[in-house]
Amino acid sequence: GLAAYFKLPTKPPVTWCIVIAAVVLSLHMIARTTRSGVSMITGILLIATLGLTTAKLRTERVAAPVLPVAIKKAVVSGRVVALEGRDDGVRRLWIDVMQIEHIPADLTPARIIVYQRKRAEELSIGDNIRFTADLRPPSRPARPGGFDFARQNYFDRIGAIAFTARPIELETDAKALPPLSRTERLTLGLAEFRRRIGERIERALLWEVGAIAKALMTGERGGISEETNEAYRDAGIFHILSISGLHMAITGGSVFVAIRFVLAGIPAIALRWPIKKWAAAAAAIAAFGYLLISGGAHATIRSFIMILIMFLAILVDRPALAMRNVALAALVILAVIPESL
């Protein structure tokens, strides 16, 4: 159902998707009463229809204006929600846009990505800024069937790409700034905490060692040079730089083994209490913490769900089947983030 939605040349209205899902659900309920093989067919159709409807609802939920044409020297005001340095000296910033001069509010992109050269000023996540940049719409695929950056940017609510070599000014007029909600403060605080972790790693480990360690801990790979990336690709181990099952298993597994090992050395506790379950609970918390600072890529979320299921299985004295974990993780991710397909 999800694949069919993304392949459609024109997208159906929400009402059509809901009506079709309701009709197929009714047919499935009728087929179940007949106790025939027809119920299996209608069940498959129902799941596919629900996938189609899920994709449509997600598309409508994230809908935001996209810049239709390029604009030169646009004055932008917004809030920094993420930033990342790159090996070529260019800084990349994700900005929640408050205003773009001469563009009506209903046509203003909700978020943009800014590439800044010749940076001198220090910025932190949560800073309110103002700058002049050249804006253009998100890129389409470079070749037929190639990766569609515009579609990815759409689901990230990114409506434009900006380029600037000019200085960025901090907004100081508190009256002109909208207040942050509790969720926004929590999200920005976590992003700033993640950025500071990356900075400490880069200060402690010199050269590209720090950039690689930062990628393995926070998921930010901008500091790794293209030559190093190519070396990893040529060796067939580029996936190591992307936080996924290996990294989550090392993190959660290390905490699980360490805590169980320590508690097993204390007879007064080991002989009276379920230390294996204690270790599993602690490891699940550690894995969740790793997920929070990792950037939350799709592969990382999938890995977290799988290892969480395994630790929950330990807590309820059930076996954890790896392939079933894959299926459950896929179902959760596709239901919440359909575009991850």
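Points worth noting:
- Estimated [θ] at 222 nm from DSSP helical runs (n ≥ 4, -39500 (n - 2.57)) normalised by residues in the chain, nearest 500: -17000 deg cm²/dmol
- Accessible area of the range 269-341 divided out per residue, in Å², using a probe of 1.4 angstrom: 56 Å²
- Taking the Cα centre of the chain as origin and assigning +1 to Lys and Arg Cβ atoms and -1 to Asp and Glu Cβ atoms, the resulting dipole is close to 900 debye.
- Taking the empirical scaling 2.2 N^0.38 Å for compact globular proteins as reference, the chain has a Cα radius of gyration ratio of 1.19.
- Sorted largest first by accessible area at a 1.4 angstrom probe radius, with every protein chain in place, the residues 134, 106 fall in the order 106, 134.
- Solvent-accessible area per residue in the range 113-257 equals 61 Å², computed with a 1.4 angstrom probe and all protein chains kept.
- Each principal axis of the Cα cloud of the range 1-133 was evaluated for its coordinate range; sorted largest first, these ranges are 72, 34, 25 Å.
- Peptides ranked, highest mean first, by Cβ atoms within 10 Å: ranges 250-260, 33-43, 66-76: 250-260, 66-76, 33-43
- Among 216, 165, 94 the positive-end extreme of the charge dipole of the chain (Cβ point charges): 216
- Taking a ≥ b ≥ c as the square roots of the eigenvalues of the Cα gyration tensor, the range 207-341 is classed as oblate, since a/c reaches at least 1.5 and a/b does not exceed b/c.
- For the range 89-214: rounded, prolate or oblate by the Cα gyration tensor [a/c cutoff 1.5]: oblate
- Percent carbon-and-sulfur accessible area, the range 1-138, ignoring ligands, DNA and RNA, probe 1.4 Å: 62 percent
- With R₀ set to 45 Å, the beta-carbon distance separating residue 330 from residue 172 gives a calculated FRET efficiency near 0.40.
- Two-site FRET efficiency, residue 292 against residue 38, from Cβ-Cβ distance with R₀ of 45 Å, rounded to 0.05: 0.45
- Dipole magnitude (debye, nearest 20) for the range 186-341, charges at Cβ of Lys, Arg, Asp, Glu: 820 debye
- Cα shape, the range 276-324, gyration tensor, a/c 1.5 rule: oblate
- Dipole of the chain, positive end: most advanced residue of 319, 155, 103 [Cβ charges, Cα centre]: 319
- A crude spin-label estimate for the pair residue 8 and residue 337, with each label 7 Å from Cα along the Cβ direction, gives 2.4 nm.
- Estimated at 0.36 nm per residue, the fully extended path between residue 199 and residue 90 surpasses their Cα-Cα distance by 37.6 nm.
- The heavy atoms of residue 306 offer some 40 square angstrom of accessible surface to a 1.4 angstrom probe.
- Basic side chains Lys and Arg get +1 at the Cβ, acidic Asp and Glu get -1 at the Cβ, and with that the dipole of the range 146-229 about its Cα centre reaches some 360 debye.
- Label-point separation in nm, residue 139 to residue 152, each point 7 Å along Cα→Cβ: 1.0 nm
- Heavy-atom accessible area for residue 226, with the other protein chains in place and a 1.4 Å probe, reaches approximately 100 Å².
The values are calculated or read from the model by the stated rules, or taken from the named source; none is laboratory data. Fair warning: this is a prediction, and the values are worked out from it, not measured in the lab. Ideal geometry is used to build each Cβ from the backbone, glycine not excepted, and the neighbour counts take in all protein chains shown. What goes into the accessible areas is simple: the full protein's heavy atoms, side chains included, and nothing from ligands, DNA or RNA. Shrake-Rupley method; radii C 1.70, N 1.55, O 1.52, S 1.80 Å.
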